[in-house]
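A.B. asks: To start, I am sharing the structure in question, which I have written as C-alpha coordinates.
The values are calculated or read from the model by the stated rules, or taken from the named source; none is laboratory data. Computed from a predicted structure; not experimentally measured. Heads up, the Cβs are rebuilt from the backbone with ideal geometry, glycines too, and the neighbour counts pull from every protein chain shown.
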Amino acid sequence: MTGAANTGSHRDYVRWRSRQIAYGRWQPWADAAEVRAHLQMLRQAGGSDRAIARAAGVSPMTVHRIQPSADRAAAVRVRAALVGRLLAVTPAVLESVALRRDASGSRRRLRALVALGHPGASLARYLGVPPATVWNLLRGTTVTISAELETAIRSMYEQIWDLRPPERTAAESRAAAAARTRAAQRGWPTPMALDDDRIDDPAYRPRSRWLPASGTGLMPAHAGRAAAPISGNRTGTHRPGPDAWRVPVIAAANGSRDEQ
(Lines give C-alpha, C1' and ligand atoms only; values in the text may rest on other atoms or scores of the structure.)
Protein backbone atom coordinates (compact mmCIF):
# COMPACT_ATOMS: atom_id res chain seq x y z
CA MET A 1 0.00 0.00 0.00
CA THR A 2 1.12 3.55 -0.53
CA GLY A 3 2.01 6.07 2.13
CA ALA A 4 -1.32 7.83 1.63
CA ALA A 5 -3.18 4.57 2.14
CA ASN A 6 -1.23 3.83 5.32
CA THR A 7 -2.03 7.30 6.65
CA GLY A 8 -5.76 6.78 6.16
CA SER A 9 -5.65 3.30 7.68
CA HIS A 10 -3.73 4.63 10.69
CA ARG A 11 -6.34 7.31 11.34
CA ASP A 12 -9.11 4.71 11.20
CA TYR A 13 -7.15 2.47 13.54
CA VAL A 14 -6.54 5.27 16.06
CA ARG A 15 -10.26 6.12 16.15
CA TRP A 16 -11.20 2.46 16.55
CA ARG A 17 -8.60 2.00 19.33
CA SER A 18 -9.86 5.06 21.21
CA ARG A 19 -13.41 3.72 21.16
CA GLN A 20 -12.30 0.30 22.38
CA ILE A 21 -10.35 1.84 25.26
CA ALA A 22 -13.30 4.06 26.19
CA TYR A 23 -15.65 1.05 26.30
CA GLY A 24 -13.17 -1.08 28.23
CA ARG A 25 -12.80 -3.52 25.33
CA TRP A 26 -9.21 -2.77 24.36
CA GLN A 27 -7.44 -6.04 23.56
CA PRO A 28 -4.57 -5.24 21.19
CA TRP A 29 -3.41 -8.84 20.79
CA ALA A 30 -5.15 -12.05 19.75
CA ASP A 31 -4.19 -15.73 19.51
CA ALA A 32 -2.56 -16.45 16.16
CA ALA A 33 -3.78 -20.05 15.93
CA GLU A 34 -7.17 -19.19 14.39
CA VAL A 35 -5.57 -16.87 11.85
CA ARG A 36 -2.92 -19.44 10.99
CA ALA A 37 -5.58 -22.10 10.35
CA HIS A 38 -7.54 -19.64 8.21
CA LEU A 39 -4.45 -18.79 6.15
CA GLN A 40 -3.78 -22.49 5.64
CA MET A 41 -7.32 -22.93 4.32
CA LEU A 42 -6.85 -20.01 1.91
CA ARG A 43 -3.55 -21.47 0.66
CA GLN A 44 -5.18 -24.85 0.08
CA ALA A 45 -7.80 -23.00 -1.97
CA GLY A 46 -5.01 -21.70 -4.18
CA GLY A 47 -4.30 -18.33 -2.58
CA SER A 48 -0.72 -17.07 -2.45
CA ASP A 49 0.64 -14.87 0.34
CA ARG A 50 0.65 -11.94 -2.09
CA ALA A 51 -2.99 -12.50 -3.10
CA ILE A 52 -4.11 -12.89 0.51
CA ALA A 53 -2.20 -9.76 1.52
CA ARG A 54 -3.73 -7.74 -1.32
CA ALA A 55 -7.24 -8.87 -0.36
CA ALA A 56 -6.63 -8.00 3.31
CA GLY A 57 -4.87 -4.71 2.58
CA VAL A 58 -1.63 -5.71 4.33
CA SER A 59 1.89 -6.48 3.15
CA PRO A 60 2.81 -9.99 1.92
CA MET A 61 5.52 -10.16 4.59
CA THR A 62 2.88 -9.68 7.30
CA VAL A 63 1.06 -12.77 6.03
CA HIS A 64 4.29 -14.73 5.63
CA ARG A 65 5.49 -14.05 9.18
CA ILE A 66 2.40 -15.55 10.81
CA GLN A 67 3.35 -19.00 9.50
CA PRO A 68 6.33 -20.97 10.87
CA SER A 69 9.37 -21.62 8.71
CA ALA A 70 12.64 -23.55 8.94
CA ASP A 71 14.35 -20.68 10.75
CA ARG A 72 11.39 -19.12 12.59
CA ALA A 73 8.82 -20.39 15.06
CA ALA A 74 5.13 -19.78 14.44
CA ALA A 75 3.77 -16.50 15.74
CA VAL A 76 1.91 -16.88 19.04
CA ARG A 77 0.05 -13.58 18.99
CA VAL A 78 -0.98 -11.13 16.29
CA ARG A 79 -2.54 -7.70 16.38
CA ALA A 80 -6.30 -7.88 16.90
CA ALA A 81 -6.89 -5.39 14.08
CA LEU A 82 -4.93 -7.65 11.72
CA VAL A 83 -6.99 -10.68 12.74
CA GLY A 84 -10.19 -9.02 11.55
CA ARG A 85 -8.69 -8.14 8.18
CA LEU A 86 -7.32 -11.60 7.52
CA LEU A 87 -10.39 -13.53 8.68
CA ALA A 88 -12.53 -11.39 6.36
CA VAL A 89 -10.66 -12.83 3.37
CA THR A 90 -12.53 -15.80 1.88
CA PRO A 91 -11.86 -17.90 -1.25
CA ALA A 92 -14.59 -15.88 -2.99
CA VAL A 93 -12.83 -12.64 -2.05
CA LEU A 94 -9.54 -14.02 -3.37
CA GLU A 95 -11.18 -14.95 -6.65
CA SER A 96 -12.60 -11.44 -6.96
CA VAL A 97 -9.23 -9.85 -6.21
CA ALA A 98 -7.54 -12.06 -8.81
CA LEU A 99 -9.78 -10.50 -11.47
CA ARG A 100 -8.72 -6.99 -10.48
CA ARG A 101 -5.66 -5.03 -11.51
CA ASP A 102 -2.98 -3.28 -9.50
CA ALA A 103 -3.88 0.41 -9.37
CA SER A 104 -0.31 1.78 -9.45
CA GLY A 105 -0.26 2.73 -13.14
CA SER A 106 -3.76 4.20 -13.06
CA ARG A 107 -2.88 6.23 -9.96
CA ARG A 108 0.23 7.64 -11.64
CA ARG A 109 -1.74 8.58 -14.75
CA LEU A 110 -4.41 10.36 -12.73
CA ARG A 111 -1.83 12.18 -10.62
CA ALA A 112 0.01 13.30 -13.73
CA LEU A 113 -3.20 14.75 -15.17
CA VAL A 114 -3.89 16.55 -11.89
CA ALA A 115 -0.32 17.91 -12.06
CA LEU A 116 -1.21 19.36 -15.46
CA GLY A 117 -4.22 21.10 -13.89
CA HIS A 118 -7.11 18.68 -14.42
CA PRO A 119 -9.30 18.65 -11.28
CA GLY A 120 -10.20 15.26 -9.87
CA ALA A 121 -13.92 15.99 -10.28
CA SER A 122 -13.41 16.68 -13.99
CA LEU A 123 -11.52 13.43 -14.45
CA ALA A 124 -14.35 11.59 -12.70
CA ARG A 125 -16.88 13.13 -15.10
CA TYR A 126 -14.74 12.09 -18.06
CA LEU A 127 -14.63 8.52 -16.78
CA GLY A 128 -18.28 8.43 -15.74
CA VAL A 129 -17.46 7.39 -12.17
CA PRO A 130 -18.22 8.98 -8.78
CA PRO A 131 -15.65 11.61 -7.71
CA ALA A 132 -14.80 9.44 -4.69
CA THR A 133 -13.49 6.75 -7.05
CA VAL A 134 -10.91 9.15 -8.46
CA TRP A 135 -10.06 10.70 -5.10
CA ASN A 136 -9.45 7.29 -3.50
CA LEU A 137 -7.13 6.39 -6.37
CA LEU A 138 -5.25 9.68 -6.08
CA ARG A 139 -4.85 9.29 -2.33
CA GLY A 140 -3.70 5.70 -2.67
CA THR A 141 -6.51 4.21 -0.56
CA THR A 142 -7.61 2.11 -3.55
CA VAL A 143 -4.97 -0.50 -4.38
CA THR A 144 -6.78 -2.57 -7.03
CA ILE A 145 -9.33 -1.67 -9.70
CA SER A 146 -11.45 -3.46 -12.27
CA ALA A 147 -10.05 -4.14 -15.73
CA GLU A 148 -12.78 -1.87 -17.14
CA LEU A 149 -11.74 1.10 -15.03
CA GLU A 150 -8.07 0.53 -15.79
CA THR A 151 -8.82 0.54 -19.53
CA ALA A 152 -10.94 3.70 -19.20
CA ILE A 153 -8.19 5.56 -17.32
CA ARG A 154 -5.55 4.44 -19.82
CA SER A 155 -7.73 5.61 -22.73
CA MET A 156 -8.42 8.97 -21.10
CA TYR A 157 -4.73 9.48 -20.39
CA GLU A 158 -3.80 8.75 -24.00
CA GLN A 159 -6.30 11.37 -25.13
CA ILE A 160 -5.43 14.28 -22.84
CA TRP A 161 -1.94 13.68 -21.44
CA ASP A 162 -0.62 16.76 -23.26
CA LEU A 163 -3.71 19.00 -22.99
CA ARG A 164 -4.42 21.55 -20.28
CA PRO A 165 -7.94 21.82 -18.85
CA PRO A 166 -10.14 24.67 -20.14
CA GLU A 167 -9.98 27.81 -17.98
CA ARG A 168 -12.70 29.91 -19.58
CA THR A 169 -14.24 31.02 -16.29
CA ALA A 170 -12.95 32.11 -12.92
CA ALA A 171 -14.26 28.87 -11.40
CA GLU A 172 -12.39 26.75 -13.96
CA SER A 173 -9.20 28.73 -13.37
CA ARG A 174 -9.48 28.27 -9.60
CA ALA A 175 -10.09 24.53 -9.97
CA ALA A 176 -7.08 24.12 -12.29
CA ALA A 177 -4.85 26.16 -9.97
CA ALA A 178 -5.98 24.10 -6.97
CA ALA A 179 -5.17 20.89 -8.87
CA ARG A 180 -1.66 22.10 -9.72
CA THR A 181 -1.10 23.25 -6.15
CA ARG A 182 -2.16 19.87 -4.82
CA ALA A 183 0.23 18.11 -7.18
CA ALA A 184 3.07 20.52 -6.37
CA GLN A 185 2.65 19.96 -2.63
CA ARG A 186 2.84 16.19 -3.14
CA GLY A 187 5.54 16.16 -5.79
CA TRP A 188 3.38 14.47 -8.44
CA PRO A 189 5.21 14.65 -11.80
CA THR A 190 3.51 15.75 -15.00
CA PRO A 191 3.07 13.21 -17.85
CA MET A 192 6.36 13.82 -19.69
CA ALA A 193 8.30 13.23 -16.48
CA LEU A 194 7.02 9.64 -16.31
CA ASP A 195 8.66 6.64 -17.95
CA ASP A 196 5.91 5.13 -20.12
CA ASP A 197 7.68 1.76 -20.11
CA ARG A 198 7.53 1.57 -16.30
CA ILE A 199 4.41 3.51 -15.41
CA ASP A 200 2.47 0.31 -14.60
CA ASP A 201 5.27 -1.25 -12.52
CA PRO A 202 4.26 -1.14 -8.82
CA ALA A 203 7.96 -0.84 -7.86
CA TYR A 204 8.58 2.16 -10.13
CA ARG A 205 9.54 5.36 -8.33
CA PRO A 206 9.69 8.37 -10.67
CA ARG A 207 12.87 10.41 -10.35
CA SER A 208 10.96 13.59 -11.09
CA ARG A 209 8.78 15.95 -9.12
CA TRP A 210 6.19 18.52 -10.10
CA LEU A 211 7.25 21.50 -12.18
CA PRO A 212 5.00 23.77 -14.26
CA ALA A 213 4.12 22.32 -17.67
CA SER A 214 2.22 24.30 -20.27
CA GLY A 215 1.13 21.41 -22.48
CA THR A 216 0.50 21.89 -26.17
CA GLY A 217 -3.12 22.98 -26.16
CA LEU A 218 -6.43 23.03 -24.32
CA MET A 219 -8.78 20.11 -23.85
CA PRO A 220 -12.01 20.77 -25.79
CA ALA A 221 -14.84 22.00 -23.59
CA HIS A 222 -17.12 19.14 -24.72
CA ALA A 223 -14.65 16.39 -23.80
CA GLY A 224 -15.46 13.72 -21.29
CA ARG A 225 -19.21 13.97 -21.01
CA ALA A 226 -20.25 10.58 -19.63
CA ALA A 227 -22.91 8.82 -21.67
CA ALA A 228 -23.80 5.57 -19.90
CA PRO A 229 -22.01 3.60 -17.18
CA ILE A 230 -20.49 0.23 -18.01
CA SER A 231 -21.62 -2.75 -15.90
CA GLY A 232 -22.94 -1.75 -12.49
CA ASN A 233 -19.71 -0.03 -11.59
CA ARG A 234 -20.24 3.33 -13.28
CA THR A 235 -16.96 3.04 -15.12
CA GLY A 236 -18.21 3.75 -18.63
CA THR A 237 -18.23 6.98 -20.58
CA HIS A 238 -18.44 8.26 -24.12
CA ARG A 239 -14.93 9.11 -25.28
CA PRO A 240 -13.89 10.69 -28.58
CA GLY A 241 -11.86 8.65 -31.06
CA PRO A 242 -8.12 8.14 -30.50
CA ASP A 243 -7.07 10.85 -32.98
CA ALA A 244 -9.52 13.50 -31.84
CA TRP A 245 -7.09 15.78 -30.01
CA ARG A 246 -3.61 14.43 -30.73
CA VAL A 247 -0.88 17.02 -30.51
CA PRO A 248 2.92 16.61 -30.34
CA VAL A 249 4.54 17.01 -26.92
CA ILE A 250 4.30 18.57 -23.49
CA ALA A 251 6.93 20.46 -21.52
CA ALA A 252 9.04 18.08 -19.46
CA ALA A 253 9.31 18.45 -15.69
CA ASN A 254 12.40 16.89 -14.16
CA GLY A 255 13.50 16.81 -10.56
CA SER A 256 14.66 14.41 -7.87
CA ARG A 257 11.76 13.66 -5.54
CA ASP A 258 10.24 10.16 -5.45
CA GLU A 259 6.56 9.53 -5.97
CA GLN A 260 4.45 10.37 -2.94
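A.B. asks: If the requirement is being touching an Asp or Glu at 6+ places or on another chain (Cβ under 7 Å) and touching a residue at least 40 places away in the same chain (Cβ under 8 Å), which of these qualifies: R125, R109, R101, R79? Reasoning before the result, please.
C.D. replies: Details: R125 fails: touching an Asp or Glu at 6+ places or on another chain (Cβ under 7 Å); R109 fails: touching an Asp or Glu at 6+ places or on another chain (Cβ under 7 Å); R79 fails: touching an Asp or Glu at 6+ places or on another chain (Cβ under 7 Å).
Of R125, R109, R101, R79, the one residue that is touching an Asp or Glu at 6+ places or on another chain (Cβ under 7 Å) and touching a residue at least 40 places away in the same chain (Cβ under 8 Å) is R101.
A.B. asks: What tally of residues in segment 19-51 results from selecting those that are part of a helix (DSSP H, G or I) and over 17 Å from A80 (Cα atoms)? Break it down stepwise before answering.
C.D. replies: Within segment 19-51, the first condition is being part of a helix (DSSP H, G or I), and the residues that meet it are 19-22, 32-44, 49-51.
Adding the requirement that they be over 17 Å from A80 (Cα atoms) leaves 40-44, 49-51.
Adding up the residues that qualify gives 8.
A.B. asks: State which residue is surrounded by the most Cβ atoms within 10 Å (Cβ to Cβ) when the search covers only segment 65-81 and only residues that are within 12 Å of R36 (Cβ to Cβ) and either of a type outside the set (A, V, I, L, M) or modelled with pLDDT of 75 or more (or both).
C.D. replies: V78
A.B. asks: OK, next. Pairs under 6 Å by beta carbon, first residue over 9 Å from V97 (Cα atoms) in segment 46-57, partner among the polar types (S, T, N, Q) and not in a helix (DSSP H, G or I), six or more apart or different chains?
C.D. replies: Listed pairs, sorted by first residue: A53/S59.
A.B. asks: Would you check if there is a residue in segment 89-103 being modelled with pLDDT of 90 or more and buried (at least 19 other Cβ atoms within 10 Å of the Cβ)?
C.D. replies: The answer is yes; a qualifying residue exists.
A.B. asks: On to the next question. Inspect segment 122-144 for any residue being of a type in the set (S, T, N, Q), part of a loop (DSSP other than H, G, I, E, B) and assigned by TED's automatic domain parsing to the domain that holds D201 and give the result as yes or no. Walk me through how you get there before you give the answer.
C.D. replies: Initially, segment 122-144 is screened for residues of a type in the set (S, T, N, Q), giving 122, 133, 136, 141-142, 144.
If we keep only those that are part of a loop (DSSP other than H, G, I, E, B) too, we end up with 141-142.
If we keep only those that are assigned by TED's automatic domain parsing to the domain that holds D201 as well, we get 141-142.
There is at least one residue in segment 122-144 that is of a type in the set (S, T, N, Q), part of a loop (DSSP other than H, G, I, E, B) and assigned by TED's automatic domain parsing to the domain that holds D201.
A.B. asks: A further question on this structure: Where the second residue is at pLDDT 75 or above and surrounded by 15 or more Cβ atoms within 10 Å (Cβ to Cβ) and the first is part of a loop (DSSP other than H, G, I, E, B) and of a type in the set (S, T, N, Q) and lies in segment 203-224, which pairs have Cβ atoms under 8 Å and are six or more apart or on separate chains?
C.D. replies: Final answer for the pair search is S208/P189; S208/A193; S208/L194; S214/R164; T216/D162; T216/L163.
A.B. asks: Tell me which residues, restricted to segment 145-171, are of a type in the set (S, T, Y) and touching a residue at least 40 places away in the same chain (Cβ under 8 Å).
C.D. replies: Taking segment 145-171 first, the residues of a type in the set (S, T, Y) are 146, 151, 155, 157, 169.
Of everything in segment 145-171, those that are of a type in the set (S, T, Y) and touching a residue at least 40 places away in the same chain (Cβ under 8 Å) turn out to be S146, S155, Y157.
A.B. asks: Exactly one condition in (1) in a loop (DSSP other than H, G, I, E, B); (2) modelled with pLDDT under 90 is false for G117; which is it?
C.D. replies: (2)
A.B. asks: Kindly indicate the residue of segment 153-191 that is of a type in the set (S, T, N, Q) and buried (at least 19 other Cβ atoms within 10 Å of the Cβ) and also nearest to the chain's Cα centre (by Cα) among those meeting that condition. Steps first, answer last, please.
C.D. replies: To start, the set of residues in segment 153-191 that are of a type in the set (S, T, N, Q) comprises 155, 159, 169, 173, 181, 185, 190.
Now drop any that are not buried (at least 19 other Cβ atoms within 10 Å of the Cβ), which leaves 159, 190.
Working: Q159: 21, T190: 17 Å.
So the residue we want is T190.
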